[in-house]
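K.L.:
Below you will find the structure I want to go over with you.
The values are calculated or read from the model by the stated rules, or taken from the named source; none is laboratory data. Note that the coordinates shown come from a computational prediction; the quantities given were computed from them, not determined experimentally. Ideal geometry is used to build each Cβ from the backbone, glycine not excepted, and the neighbour counts take in all protein chains shown. Please note that ligands, DNA and RNA were not included when accessible areas were found on the heavy atoms of the full protein model with its side chains. Shrake-Rupley method; radii C 1.70, N 1.55, O 1.52, S 1.80 Å.
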Amino acid sequence: MAEDFVIEMLHITKEFPGIKANDDVTLQLRRGEVHALLGENGAGKSTLMSVLFGLYQPEKGIIKKNGSEVRIKDPNDANDLGIGMVHQHFKLVECFSVLDNIMLGVEPCKAGFLQKDIARKKVMELSERYGLRVDPDALISDISVGMQQRVEILKMLYRDNEILIFDEPTAVLTPQEIDELMEIMRGFKKEGKSILFITHKLNEIMAVADRCTVLRKGKGIGTVEIANTTKEELSRMMVGRDVQFAVEKAPAKLGDVVLSVCNVTVPGHVHKKDAVRDVSFDVRGGEIVCLAGIEGNGQTELVYGLTGLEKITHGTLTLDGKDITHASIRQRSKDGMSHIPEDRHKHGLVLDYSLENNMVLQRYWEPQFQQGGFIKKGAVREYSDRLIQQYDVRSGQGSVTIARSMSGGNQQKAIIAREIDKDPKLLVAVQPTRGLDVGAIEYIHKQIVAERDRGKAVLLVSLELDEVMNLSDRILVMYEGEIVGEFDPKTTTVQELGLYMAGAKKQGKEAQ
Ligand SMILES: Nc1ncnc2c1ncn2[C@@H]1O[C@H](COP(=O)(O)OP(=O)(O)OP(=O)(O)O)[C@@H](O)[C@H]1O
Ligand SMILES: [Mg+2]
């Protein structure tokens, strides 16, 4: 019996300088299914989806829609075929409103005049029907990533797309938003839309997908029915070995206070209120302290204040006994602070620099990399090659690869390598494993624990409670700009943390 495939990608090969990103890959999408695409960082998932969306032309292979071959030369062709895509790094015009972004390129016009009301009506209807809450008049630069993603989804629906590609949509979402998105996907499926879904989170695949295709180093490993598989089998297919999900660590050996945060207040941008209010805590050497909380409760601003990206309006910061309240970012870095930032594109990398130049961004002036004002290119290359090797940063051309062309997860691995290898006294790690595959997460968690065991202070900011519970020695919960509770992960539960994160409880006052 012939199967009902809406899209078939047959024997696709796509090469980039130095690498076959897709090597004879076949993927068949059934009508009305959620089809997951799984693979390590750099396995070729985004590339394969970009081929389907017309962004890249494959060297070999063909694409069929409803059984007949089609040519997809650009995203307009993809749109005409009903194919839409939400990219790993969103593609919205920041200074445009939500509505303008959604209708961009397909504006309703009559006699040469824009009919914005028609677009607004359609957007509001779609938003209502699928539970995608957005404010049509807000500027993209002012709204949360969660809402930006809803805008991207509405863009596809506005164009009446039937085949929806989601490239790591959940990497940037809070757990609550992830549940909502899963529900939205189920809704699409009920209406007969077909979905391609890239994620590194196996739980999500088990929860919504019907089938899963696995890629490894550009090659198709196989397609499995989710009903007949397990998380363990999926990770084995993907990495080629068993992956350990739990983090093993010895009890913490506490050293001296490394970071001291005293009555710190950081202003907010969105509302008039301060984003962080009168927060105080210490992080000692040899411990991992985690700031937990629902996104938007001041964690981002607190980290900006600590790392010097934003000026604090009140309070003091001390790093290893030295007052750094007013120190520059470079000074803080020199004094032993490392920072794995929340937004890797904005604060982590210079995207148009090579990988090696990114690796020495905060150190190129050191004698080992510079003499008499000239960069020692050989030394930089050697250093970068070592980090690439040690942290398994995959790309087409190694040290000379332009950061922009690297896969999202490998960009992240490069930043982590650089920040840990600086041998800091304090490591501030914000969502360090965002976008990493399960094998890479296992490795990075081990590195963070190793830093702590070498006596370093680690401040971890994470939205993922699994990571919080697994990795930290002490948990501080933030709610509306304040620290509302302190917990020992060994004696608390996810449910208990949840109550504090939601503001239902607060230590010292309403507690007991
Ligand atoms: N435009 C490009 N130019 C050069 N090389 C590229 C380009 N796009 C991707 N690559 C390379 O192709 C390989 C596959 O990248 P791709 O982005 O498809 O990986 P991925 O599976 O999506 O990984 P991740 O999970 O990290 O997002 C990577 O090694 C990457 O460096
Ligand atoms: Mg990708």
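K.L.:
For residue 215, what residues show an amide H to amide H distance below 5 Å, using hydrogens built from the backbone and excluding near sequence neighbours?
P.N.:
38, 39, 221
K.L.:
Can you work out ³J(HN,Hα) from phi for every residue in the stretch 492-497, in order, using Karplus 6.51 cos²θ - 1.76 cosθ + 1.60 and θ = phi - 60°, giving whole Hz and x for Gly and Pro?
P.N.:
With the stated coefficients, the stretch 492-497 comes to 10, 10, 4, 5, 4, 4 Hz.
K.L.:
What is the angle, in °, between the Cα long axis of helix 438-453 and the longest principal axis of the Cα atoms in the chain? Nearest 10 is fine, range 0 to 90.
P.N.:
The helix 438-453 is inclined about 0 degrees to the chain.
K.L.:
Report for the chain the percent antiparallel among DSSP-assigned beta bridges with both residues inside it, nearest 5.
P.N.:
Beta bridges within the chain, antiparallel portion: roughly 55 percent.
K.L.:
OK, next. When the Cα centres of the stretch 427-501 and the stretch 41-112 are compared, how far apart do they sit, in Å?
P.N.:
First find each Cα centre; the distance between them is then 37 Å.
K.L.:
What residues qualify as long-range amide H neighbours of residue 314, i.e. H under 5 Å apart, gap of 5 or more or another chain, H built at 1.01 Å from N?
P.N.:
The list, which skips near neighbours in sequence, is 265.
K.L.:
Once label points are set 7 Å from the Cα along Cα→Cβ at both residue 326 and residue 405, what is their separation, rounded to one decimal in nm?
P.N.:
4.6
K.L.:
Could you tell me the calculated FRET efficiency between residue 392 and residue 55, based on Cβ-Cβ distance and R0 = 30 angstrom, to the nearest 0.05?
P.N.:
0.65
K.L.:
Hey, rough spin-label estimate for residue 125 and residue 24, points 7 angstrom out along Cα→Cβ, what's it come to in nanometres?
P.N.:
Each label point is offset 7 Å from its Cα along the Cβ direction, giving 4.9 nm.
K.L.:
Antiparallel as a % of all DSSP beta bridges within the stretch 71-218, to the nearest 5?
P.N.:
Taking every DSSP beta bridge with both residues in the stretch 71-218, the antiparallel ones total about 25 percent.
K.L.:
Then there is this: Based on alpha-carbon centroids, what's the gap between the stretch 164-230 and the stretch 354-418 in Å, whole number please?
P.N.:
Cα centres, the stretch 164-230 to the stretch 354-418: 33 Å.
K.L.:
Helix-only mean residue ellipticity at 222 nm, the chain, DSSP H runs n ≥ 4 weighted -39,500 (n - 2.57), per residue, nearest 500. What is it?
P.N.:
That calculation yields -9000 deg cm²/dmol at 222 nm.
K.L.:
Determine the relative contact order of the stretch 73-192: mean sequence separation of Cα pairs under 8 Å and six or more apart, normalised by residue count, in whole percent.
P.N.:
About 39 percent, as a whole number.
K.L.:
Please tell me the relative contact order of the stretch 52-141 in percent, rounded to the nearest whole number, where contacts are Cα pairs under 8 Å and at least six residues apart.
P.N.:
Once normalised by length, the contact order is 26 percent.
K.L.:
Compute the Cα gyration tensor for the stretch 282-353, then decide on rounded, prolate or oblate, letting a ≥ b ≥ c be the square roots of its eigenvalues: rounded whenever a/c is under 1.5, prolate when a/b is larger than b/c in the other cases, and oblate in all that remain.
P.N.:
Rounded, since a/c falls under 1.5.
K.L.:
While we're here: To the nearest 20 debye, what charge dipole does the chain have about its Cα centre, counting +1 at the Cβ of each Lys and Arg and -1 at the Cβ of each Asp and Glu?
P.N.:
Result for the chain is approximately 880 debye, rounded to the nearest 20.
K.L.:
Let me ask something else. Output the relative contact order of the stretch 316-445, whole-number percent, from Cα pairs under 8 angstrom with separation of 6+ residues.
P.N.:
After rounding, I find 32 percent.
K.L.:
Just want the answer: with Cβ charges of +1 for Lys and Arg and -1 for Asp and Glu, which residue in 145, 184, 5 is farthest toward the dipole's positive end in the stretch 5-239?
P.N.:
5
K.L.:
What percentage of the solvent-accessible surface of the chain, computed with a 1.4 Å probe over protein heavy atoms, is contributed by carbon and sulfur atoms?
P.N.:
Ligands and nucleic acids excluded, carbon and sulfur give 50 percent.
K.L.:
Which of the three applies to the stretch 329-449, rounded, prolate or oblate, going by the alpha-carbon gyration tensor with a ≥ b ≥ c and a/c under 1.5 meaning rounded?
P.N.:
oblate
K.L.:
Something else now. I'd like the orientation of helix 175-190 relative to the chain: the angle between its Cα long axis and the longest Cα principal axis, in ° from 0 to 90, rounded to 10.
P.N.:
10
K.L.:
If each Cα of the stretch 322-374 is one equal point scatterer, what is log10 of I(q)/I(0) from the Debye formula at q = 0.18, 0.23 Å⁻¹?
P.N.:
-0.74, -1.04
K.L.:
Rolling a 1.4 Å sphere over the protein heavy atoms, what is the accessible area per residue of the chain, to the nearest Å²?
P.N.:
With the other protein chains kept in place, the chain gives 45 Å² per residue.
K.L.:
Shape of the stretch 22-89 from its Cα gyration tensor (a ≥ b ≥ c, root eigenvalues): rounded if a/c is under 1.5, otherwise prolate when a/b > b/c, or oblate?
P.N.:
Verdict is rounded for the stretch 22-89.
K.L.:
What are the semi-axes of the equivalent ellipsoid of the stretch 164-302, taken as the square roots of 5 times the eigenvalues of the Cα gyration tensor, listed largest first and rounded to whole Å?
P.N.:
Over the Cα atoms of the stretch 164-302, the semi-axes work out to 39, 24, 11 Å.
K.L.:
Over all directions, average the projected area of the Cα convex hull of the chain and note it in nm².
P.N.:
26.8
K.L.:
Moving on to the next point. Quick one: what are the phi-derived ³J(HN,Hα) couplings along the stretch 294-302, Karplus 6.51/-1.76/1.60 with θ = phi - 60°, whole Hz, x for glycine and proline?
P.N.:
Coupling constants for the stretch 294-302: 6, 3, x, 9, x, 4, 4, 5, 4 Hz.
K.L.:
Angle, helix 408-421 long axis vs. longest principal axis of the chain, Cα atoms, 0 to 90°, nearest 10?
P.N.:
Orientation of helix 408-421: about 10 degrees from the principal axis.
K.L.:
Set the Förster distance to 41 Å, then compute FRET efficiency between residue 115 and residue 66 from the Cβ-Cβ distance, nearest 0.05.
P.N.:
0.80
K.L.:
Using amide H atoms built in the peptide plane, which far-off residues or other-chain residues are under 5 Å from residue 290 H to H?
P.N.:
Distant-sequence amide H within range of residue 290: 460, 473, 474, 475, 476.
K.L.:
Please list the three semi-axes, largest first and in whole Å, of the ellipsoid equivalent to the stretch 431-484, using sqrt of 5 times the eigenvalues of its alpha carbon gyration tensor.
P.N.:
21, 15, 8
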